[in-house]
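*Asks:* Pasting a structure here, questions to come.
The values are calculated or read from the model by the stated rules, or taken from the named source; none is laboratory data. All values reported here derive from a predicted model rather than from experimental measurement. Note: ideal-geometry Cβ built from the backbone for every residue, glycine included; neighbour counts use all protein chains shown. Calculation scope for accessible area: heavy atoms of the full protein, side chains included, ligands and nucleic acids excluded. Shrake-Rupley method; radii C 1.70, N 1.55, O 1.52, S 1.80 Å.
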Amino acid sequence: MPQPLMELFPTSLRLVLEQLPAVARESLEEIRIRENRPLEISYGSRYSFVREDGTLTEQDQGAFVPSKEQCRALLERVTNHSIYAVEEELRRGYITVSGGHRIGLAGRTVLDKGAVSHLRDIAGFNVRIARAKVGFGAQVLPGLLDLKERTIRHTLIVSPPQQGKTTLIRDLARCVSSGEWHHPAARDWGSRKVGIVDERSEIAASDRGVPTFDLGPRSDVLDACPKAEGIMMMVRSLSPEVVVVDEIGRPEDADAIYEAIHAGVRVLATAHASDMSDVFARPVLSKLAADGVFGCYVFLSRSGKKVEHRIVTAEEAMRESSRRSNRSFGASPRDDPSEKQLGRWTDHPVPGTSPVAQTHVNVKARTMPTIRSPAMIAPRGVDDD
């Protein structure tokens, strides 16, 4: 676990976490701290409760139980002893700390005119550990290229939570910004200007505006900026050739994406969903998909430490959506050994399950704007303008 993150924990909690087995420390993903309830961690495809001596158990009995005082001390450290300084983060339910690590919060919500104003009586923390995985993008990027236009296609990366979407999109941004296309037909391509709208401060993990993750030499980041507003700010003032944005899903996100693509900017985005059936069950994503905005989709699935990916075109994704209409709804647990969890679905319904009526969606043909592709490629490090 990164040392700066460890220093956020009160001494008593830190002593427990420092004794975790090496296999858990090396693949640690989440630390769940709940007041007066057992301490829990997630690593690989497993979860375990933690005893006071750092040993792991699948049973909650005998696990270390954080006290109210320890949780209060953790909150003080996470907010830098000023709840008011992170009021906006409390409204959204999480705080992103240095290094891009996101800490989800649970407690009592305070409402203002029916909307969440902030959280109080915070008694639960989910510490999600961010890690860069250089090389992840090299496995995926060749399948996303628009060889005619010499750039990346409009792409949506899809998976349930905690499957690697942010890790992948971060490394894809680095590859595009560095001109590392990993395709023989793209050897003479230059790099592209990348604009990253990092609403949750997880992609870049910026510290005072400066990214702490490697995003390549031609990336610009709007940190802690709402996605829709940030996309438009990027297009207006930073002239990106590719815009990168995490976890789209609101109507204003879609409006901004339409504006970007008609300004000649390529879009690389992620969204929470299990497959195309889930995409079409979400109104905003459904409209984007039916309008043919995304040229391809990347579906991620996970088995243990291994993350598998599949790249499909928009047309193939629509056909898959129809074939899989008999599936049961909801994502599988990460320790589910079934074929669905491993990213291999069956075309036949599982005995005993209720079939779901098929939904046929017509994809609208849309001609996407072309981007400038100069005959002479400037040397790397020289702006294409």
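*Asks:* Keeping to region 13-35, report how many residues are assigned to a helix (DSSP H, G or I) and under 21 Å from GLU69 (Cβ atoms). Spell out how you get there, then give the answer.
*Replies:* Within region 13-35, the first condition is being assigned to a helix (DSSP H, G or I), and the residues that meet it are 13-17, 22-26.
Retained after the next criterion (residues that are under 21 Å from GLU69 (Cβ atoms)): 13-17.
Qualifying residue count, region 13-35: 5.
For (1) surrounded by fewer than 17 Cβ atoms within 10 Å (Cβ to Cβ); (2) assigned by TED's automatic domain parsing to the domain that holds SER45; (3) at pLDDT 95 or above; (4) outside any helix (DSSP H, G or I), each residue gets a yes or a no:
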{"residue": "ALA205", "(1), (2), (3), (4)": "no, no, no, yes"}
{"residue": "ILE248", "(1), (2), (3), (4)": "no, no, yes, yes"}
{"residue": "ALA254", "(1), (2), (3), (4)": "no, no, yes, no"}
{"residue": "PHE280", "(1), (2), (3), (4)": "no, no, no, no"}
{"residue": "GLY292", "(1), (2), (3), (4)": "no, no, no, yes"}
{"residue": "GLU315", "(1), (2), (3), (4)": "yes, no, no, no"}
{"residue": "SER322", "(1), (2), (3), (4)": "yes, no, no, no"}
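*Asks:* Continuing with the same structure: Do any residues in region 253-281 that are closer than 17 Å to GLY195 by Cα have Cβ atoms under 9 Å from those of residues that are of a type in the set (Phe, Trp, Tyr), where the two are at least six apart or on different chains, and which pairs are they?
*Replies:* Listed by first residue and then by second, the contacts come to VAL267/PHE294; ALA269/PHE294.
*Asks:* I'm trying to understand the selection: among the residues of region 11-25, which are open to solvent by 10 Å² or more (accessible area, probe 1.4 Å) and not basic (Lys, Arg)?
*Replies:* First, the residues of region 11-25 that are open to solvent by 10 Å² or more (accessible area, probe 1.4 Å): 11-12, 14-15, 18-19, 21-23, 25.
Passing the criteria: THR11, SER12, LEU15, GLU18, GLN19, PRO21, ALA22, VAL23.
*Asks:* Does LEU145 meet the test of being within 29 Å of ALA317 (Cα to Cα) and touching a residue at least 24 places away in the same chain (Cβ under 8 Å)? First the steps, then the outcome.
*Replies:* Working: within 29 Å of ALA317 (Cα to Cα): yes; touching a residue at least 24 places away in the same chain (Cβ under 8 Å): yes.
When the stated conditions are applied, LEU145 passes them.
*Asks:* Still on this model: Hey, does region 253-265 have a residue that's within 18 Å of the chain's Cα centre (by Cα) and aliphatic (A, V, I, L, M)? Talk me through it step by step, then tell me what you get.
*Replies:* Initially, region 253-265 is screened for residues within 18 Å of the chain's Cα centre (by Cα), giving 253-254, 257.
From what's left, aliphatic (A, V, I, L, M): 254, 257.
So far as region 253-265 goes, yes, one or more of its residues are within 18 Å of the chain's Cα centre (by Cα) and aliphatic (A, V, I, L, M).
*Asks:* Assuming GLY164 fulfils every condition listed in (1) on the phi > 0 side of the Ramachandran plot; (2) within 22 Å of the chain's Cα centre (by Cα); (3) at pLDDT 90 or above apart from one, which condition is it?
*Replies:* Single failed check for GLY164: (3).
*Asks:* Please give the strands (runs of 3 or more DSSP E) falling wholly within region 90-180 in which 3 or more residues are open to solvent by less than 20 Å² (accessible area, probe 1.4 Å) and assigned by TED's automatic domain parsing to the domain that holds ALA289. Quick ask: steps written out before the conclusion?
*Replies:* Numbers: elements: 94-97, 101-112, 115-128, 155-159.
Once the strands (runs of 3 or more DSSP E) in region 90-180 are filtered for at least 3 residues that are open to solvent by less than 20 Å² (accessible area, probe 1.4 Å) and assigned by TED's automatic domain parsing to the domain that holds ALA289, what remains is 155-159.
*Asks:* Any residue in region 220-234 that's touching a residue at least 24 places away in the same chain (Cβ under 8 Å): show its pairings with residues that are of a type in the set (Asp, Glu) and open to solvent by 40 Å² or more (accessible area, probe 1.4 Å) at Cβ separation under 6 Å, as long as the two are six or more apart or on different chains.
*Replies:* Note: pairs meeting the criteria are ALA228/GLU252.
*Asks:* Would you call GLU29 in contact (Cβ under 8 Å) with a residue 60 or more places away in the chain, in the same structural domain as ILE103 (by TED's automatic domain parsing) and within 19 Å of GLY104 (Cβ to Cβ)? Working first, answer last.
*Replies:* Working: in contact (Cβ under 8 Å) with a residue 60 or more places away in the chain: yes; in the same structural domain as ILE103 (by TED's automatic domain parsing): yes; within 19 Å of GLY104 (Cβ to Cβ): yes.
So GLU29 fits the description; yes.
*Asks:* Let me ask you something else. Looking at region 36-66, which of the residues that are open to solvent by 10 Å² or more (accessible area, probe 1.4 Å) and in a strand (DSSP E or B) is nearest to ARG25 (Cα to Cα)? If you could, list the steps in order and put the result at the bottom.
*Replies:* So in region 36-66, the residues open to solvent by 10 Å² or more (accessible area, probe 1.4 Å) come out as 36-38, 40, 42-43, 45-47, 49, 51-53, 55-65.
Applying the additional criterion that residues be in a strand (DSSP E or B) yields 40, 42-43, 46-47, 49, 56-57.
Numbers: GLU40: 13, SER42: 10, TYR43: 8, ARG46: 13, TYR47: 13, PHE49: 14, LEU56: 12, THR57: 15 Å.
Out of the qualifying residues, it is TYR43.
*Asks:* Within region 74-86, is there a residue that is part of a loop (DSSP other than H, G, I, E, B) and under 21 Å from PRO161 (Cα atoms)? Before the answer, list the steps.
*Replies:* As a first pass, look at region 74-86 and keep what is part of a loop (DSSP other than H, G, I, E, B): 79-82.
The next check asks that each one be under 21 Å from PRO161 (Cα atoms); those that pass are none.
The answer is no, given that none of the residues of region 74-86 is part of a loop (DSSP other than H, G, I, E, B) and under 21 Å from PRO161 (Cα atoms).
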